[in-house]
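Below is one structure, written out as structure tokens, with a few remarks after it.
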């Protein structure tokens with residue numbers, strides 16, 4: 001009866017008291033000591049494109065530190081869904097050394113790619129709590145053949161361990177999955193997280209992919225995260241909290257775009273009309289214009305079909321081999337556009353791209369294309385609002401039914417080509433670079449969709465640069481440092497989001513790579529199936545620019 005008095009308890013490894021950093025090539029582990037609760041926070045897929053790898057803080061770092069938690073950040077250099085033997089071995093080494101077991105509680109957390117990892121790596125810390133925002137369950141094509149997004153992630157080795165988040169949850173004490181049930185792929189992934197005894201599904205309709213931006217606008221991100229950490233949040237309480245989502249513009253924006261994706265254009269217009277009085281300075285007016293144009297043209301305008309197709313996530317946008325531009329440029333294969341912001345080395349990139357055969361990339365033009373797009377959308381809005389029937393000559397919108405928005409837009413594009421871009425007739429590739437996209441805000445992808453329809457099979461080269469190097473440039477001398485940093489982060493995020501949706505017509509380039517490594521631009525040549533001449537690239541890199 002006294003046997004238990006003489007039995008020894010297994011000695012627990014002391015909790016780490018010193019910070020550490022471990023560089024692993026494509027990933028980094030960074031630990032900040034705190035109290036007896038450990039947060040393991042994984043980067044989402046957007047962060048590698050949005051923020052410099054060097055010095056990047058852990059996702060949620062500010063909040064977690066304010067709560068006093070210990071934090072292990074898993075930082076990703078590339079969005080490869082942690083399909084890397086080095087990061088797997090490093091995390092397993094921490095487990096084997098008693099790192100996770102030294103804490104009273106372990107919480108795995110992340111969004112999207114990070115949400116996947118939070119659940120998939122739960123076996124490293126049995127009985128941990130998983131908090132996953134819009135997670136993928138896996139990107140293994142054999143298991144989720146319906147997942148059309150994340151081509152880079154799907155191309156990784158999914159035979160490696162920890163490749164199935166839904167299986168990883170079995171080792172957790174509990175799992176919270178927070179997602180927008182109207183986002184079909186996210187909903188299908190969430191359904192794969194079974195076992196209702198282990199998983200609480202928190203559905204936030206209108207949250208969009210990632211969900212946390214809407215929770216943040218509602219002022220609920222901190223509260224809901226705290227309650228999930230305490231394991232005191234249930235579905236009914238979350239539904240009560242979520243009722244306030246209509247007070248955030250993000251909700252109306254997402255709901256209107258959901259309606260457009262489902263070709264419910266009248267519904268999208270109604271959503272925007274109802275919300276615009278409350279959010280008059282938002283991008284809802286632009287979304288409404290898109291819905292109205294699509295609604296009026298739904299009977300047969302090819303432009304609407306193209307825009308609708310791109311917004312539904314169908315990355316196989318139909319491109320005609322006999323594009324109208326071939327009548328004037330018989331050799332034209334594709335148009336190329338460098339999309340960036342000030343002081344990213346875009347002039348150097350412009351020169352590098354022009355090593356392609358018969359390629360002409362013009363410099364900046366004060367964003368003429370945005371003015372053309374705005375004019376085209378106004379014509380569409382007029383036709384969509386007042387062109388549904390013939391108007392009498394004394395009507396204020398007389399003739400609206402005769403407006404032909406697609407032809408109007410095509411005419412302006414042709415004039416821009418002839419009088420602004422002025423490419424040679426034998427051009428195989430032509431386009432321009434532009435840095436003045438930051439004022440577009442959430443309308444940015446709509447402008448690129450417009451360009452995709454009117455130019456021939458265009459490629460968008462998204463050019464980024466380390467935020468510190470951009471901010472210290474004299475080009476931004478009249479800007480406050482925090483404003484420059486915010487602009488760069490916002491634009492990098494928009495670039496990354498568009499690239500994730502449209503990898504067949506876009507490519508990411510960073511100044512840090514293409515300015516040093518001649519092979520950094522090779523993926524563009526591979527995409528175009530053009531021979532790569534490394535010596536030509538090296539010659540450009542050694543030529544001093546004088547602007």
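The values are calculated or read from the model by the stated rules, or taken from the named source; none is laboratory data. On a predicted model such as this, the values are computed, not experimentally measured, just so you know. In this analysis, Cβ positions are derived from the backbone assuming ideal geometry, glycine residues included, and neighbour counts consider all displayed protein chains.
Out of curiosity, is residue 350 closer than 21 Å to residue 512 by Cα, touching a strand residue (DSSP E or B) at 6+ places or on another chain (Cβ under 8 Å) and free of Cβ contacts under 8 Å to residues at least 12 places away in the same chain? Spell out the reasoning first.
Values: closer than 21 Å to residue 512 by Cα: yes; touching a strand residue (DSSP E or B) at 6+ places or on another chain (Cβ under 8 Å): yes; free of Cβ contacts under 8 Å to residues at least 12 places away in the same chain: no.
So residue 350 does not fit the description; no.
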* To do: Go through the range 253-298 and count every residue that is within 15 Å of residue 182 (Cα to Cα) and either assigned by TED's automatic domain parsing to the domain that holds residue 180 or part of a loop (DSSP other than H, G, I, E, B) (or both).
  => 3
* To do: Just give me the residues in the range 521-530 being within 15 Å of residue 429 (Cα to Cα) and in contact (Cβ under 8 Å) with a residue 12 or more places away in the chain, in sequence order.
  => 524, 525, 527, 528, 530
* Asked: Which condition number in (1) under 18 Å from the mean Cα position of the chain (by Cα); (2) buried (at least 16 other Cβ atoms within 10 Å of the Cβ) is the one that residue 148 fails?
  -> (2)
* Residues being under 26 Å from residue 39 (Cβ atoms) and without any contact (Cβ under 8 Å) to a residue 24 or more places away in the chain - total across the range 240-251 -> 1
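Looking at 116, 100, which is the one that is assigned by TED's automatic domain parsing to the domain that holds residue 212 and either modelled with pLDDT under 95 or under 19 Å from the mean Cα position of the chain (by Cα) (or both)?
Values: 100 fails: either modelled with pLDDT under 95 or under 19 Å from the mean Cα position of the chain (by Cα) (or both).
Being assigned by TED's automatic domain parsing to the domain that holds residue 212 and either modelled with pLDDT under 95 or under 19 Å from the mean Cα position of the chain (by Cα) (or both) holds for just one of 116, 100, which is 116.
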* Condition broken by residue 35, with the remaining ones in (1) within 20 Å of residue 213 (Cα to Cα); (2) modelled with pLDDT of 95 or more; (3) surrounded by fewer than 16 Cβ atoms within 10 Å (Cβ to Cβ) satisfied -> (1)
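Per-residue answers, yes or no, for (1) over 30 Å from residue 501 (Cβ atoms); (2) crowded, with 22+ Cβ neighbours inside 10 Å:
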site: 16; (1), (2): yes, no
site: 45; (1), (2): no, yes
site: 77; (1), (2): no, no
site: 98; (1), (2): yes, no
* Check whether at least one residue in the range 367-384 is in contact with a strand residue (DSSP E or B) (Cβ under 9 Å, 6 or more places away or on another chain) and in a loop (DSSP other than H, G, I, E, B), and report yes or no. => yes
* Asked: Is the range 497-519 home to any residue that is assigned by TED's automatic domain parsing to the domain that holds residue 332, buried (at least 19 other Cβ atoms within 10 Å of the Cβ), free of Cβ contacts under 8 Å to residues at least 24 places away in the same chain and under 22 Å from residue 52 (Cα atoms)?
  -> no
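Here is a list: 70, 102, 109. Which entry is crowded, with 22+ Cβ neighbours inside 10 Å, touching a residue at least 60 places away in the same chain (Cβ under 8 Å) and under 16 Å from residue 38 (Cα atoms)?
109
In the set 347, 360, which member is modelled with pLDDT of 90 or more, out of contact with any helix residue (DSSP H, G or I) (no Cβ under 6 Å at 6 or more places or on another chain), in a helix (DSSP H, G or I) and assigned by TED's automatic domain parsing to the domain that holds residue 507?
Details: 360 fails: in a helix (DSSP H, G or I).
Of 347, 360, the one residue that is modelled with pLDDT of 90 or more, out of contact with any helix residue (DSSP H, G or I) (no Cβ under 6 Å at 6 or more places or on another chain), in a helix (DSSP H, G or I) and assigned by TED's automatic domain parsing to the domain that holds residue 507 is 347.
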* Structure fact -> Exactly one of 525, 495 is assigned to a helix (DSSP H, G or I) and in contact with a strand residue (DSSP E or B) (Cβ under 7 Å, 6 or more places away or on another chain), and that one is 495
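Filter the helices (runs of 4 or more DSSP H) completely within the range 134-227 down to those with at least 3 residues that are within 23 Å of residue 252 (Cβ to Cβ) and touching a helix residue (DSSP H, G or I) at 6+ places or on another chain (Cβ under 8 Å).
Hits in the range 134-227: 212-217.
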* Restricting attention to the range 287-307, does a residue exist that is more than 30 Å from residue 132 (Cα to Cα), surrounded by fewer than 18 Cβ atoms within 10 Å (Cβ to Cβ) and either modelled with pLDDT of 85 or more or out of contact with any helix residue (DSSP H, G or I) (no Cβ under 9 Å at 6 or more places or on another chain) (or both)? -> yes
